[in-house]
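The values are calculated or read from the model by the stated rules, or taken from the named source; none is laboratory data. Treat the numbers as computed from the prediction; the structure is a model and nothing was measured. For neighbour counting, all protein chains shown are included, and Cβ atoms are generated from backbone atoms with ideal geometry for every residue, glycine included.
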Amino acid sequence: MTEPTYRQALAHGLQLVWRHKQLWLLGFFATFLGQVGLTDFIVKFFVVTKQYVAYPLLFQTPRLLKIVGQGFVDMELSADQWLWLTWLGIFFLAAFFMLVFVATASQGALISGISTFIKRPHKGHINTENAWKEGRRHFGRLFFLQILKRVVLWALVTVVGFGLFVAVTTTSRVDHVLFSFLFLLGGLFAVILSFIFLYSAAYVVIEEYGVSEALRASWRLFINHWLVSLEIGFILFLANLIAGAIVGVGMVFFVLELAVVWFFGLFVGGPIFWSIGLLVASAIFVTFVIFLGTLLTTFTTSVWTYLFMKMHKEGIRSRLVHLFRHV
């Protein structure tokens, strides 16, 4: 048996995305979970440290909650209006939890369907109904992993954000150097975190591990294949950059489309034409971004699932190590 290569993993991912379009719906919902990695770390870092007030905002949370509560008290609404507002809040809360459930179960269904196809490729198709049942069955453990992942990431981002707050409020170069080191260390830890939780989800769905057992096994798998994980993570990071570039090109076309609508609106007259054009153009662009995100989620899940099964069962050698041995 030949050793699996990254090219085979990427080709396998592309093949699954193209030939098994029934996975797209699962990929669409799984996209809402996001990805924990360097990109997510940087995004959350800038959210937390906006205007360098990460910790002051944290300290002001009770006051902010008091202001929000007072705002509700000051609202002059009738009993019927309060009832409708309460039901509206319950509706949105239920919709949110339903989305979380479907997104988490879809992630499990993707992993289950892809792993089953890898084990039995001769069948030629993926039974999404069985995959969805597996996703629902593993919802509890996958949901706990999602919560744990976000708690750890936010704790990491908060610590690094506090480092930035200290760095910008002092003139000491030592503090600036320490923050740079802390930021790089935080980014590296976020990347490792993404590998651990990706492997943990696979262990839960494919191997039926419990959460603690899956985390321990994932750590051992990462230690044994840390360079492989970093290499394929870098490749998929490039895929994310390419997807981002495509979205950028789409944004250019979106702006051009708005310019054309505005130009014709000058001749047609009236804001209705402009409003309809803006609505249609925005809908097209949002649909395009969602579709691209769906394909990317399905592709990356396919690649990681393929590599997990090969690393777990057969082992994979690093391409860099292989290259240097032949130099």
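Summary table
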read-out	value
Residue match in the stretch 121-138 (condition: touching a residue at least 40 places away in the same chain (Cβ under 8 Å) and more than 20 Å from PHE299 (Cβ to Cβ))	yes
Subset tally (residues that are of a type in the set (Gly, Ala, Ser), out of contact with any Ser or Thr (no Cβ under 9 Å at 6 or more places or on another chain) and buried (at least 18 other Cβ atoms within 10 Å of the Cβ)) for the stretch 202-226	0
So PHE41, is it at pLDDT below 60 and under 19 Å from the mean Cα position of the chain (by Cα)	yes
The stretch 263-292 residues that are under 28 Å from GLY34 (Cα atoms), paired with ones that are modelled with pLDDT of 85 or more and polar (S, T, N, Q) (beta carbon under 8 Å, 6 or more apart)	ILE290/THR31
Some residue of the stretch 226-238 being acidic (Asp, Glu) and not in a helix (DSSP H, G or I)	no
Qualifying residue in the stretch 110-121 (condition: under 24 Å from ALA190 (Cβ atoms) and buried (at least 22 other Cβ atoms within 10 Å of the Cβ))	yes
Residues (more than 18 Å from the chain's Cα centre (by Cα) and either under 17 Å from TRP24 (Cβ atoms) or surrounded by 18 or more Cβ atoms within 10 Å (Cβ to Cβ) (or both)) located in the stretch 122-140	HIS125, ILE126, ASN127, THR128, GLU129, ALA131, TRP132, GLU134, HIS138
Output for the stretch 235-284, where each listed residue is closer than 25 Å to LEU14 by Cβ and of a type in the set (Phe, Trp, Tyr)	PHE237, PHE253
Odd one out for SER194, checked against (1) farther than 24 Å from LYS310 by Cα; (2) polar (S, T, N, Q); (3) surrounded by 13 or more Cβ atoms within 10 Å (Cβ to Cβ)	(1)
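Let's see how each residue does on (1) farther than 30 Å from GLY113 by Cβ; (2) of a type in the set (Gly, Ala, Ser); (3) in a helix (DSSP H, G or I); (4) modelled with pLDDT under 65:
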| position | (1), (2), (3), (4) |
| --- | --- |
| HIS12 | no, no, yes, no |
| LEU16 | no, no, yes, no |
| LEU26 | no, no, yes, no |
| ILE67 | yes, no, yes, yes |
| LEU77 | yes, no, no, no |
| ALA95 | no, yes, yes, no |
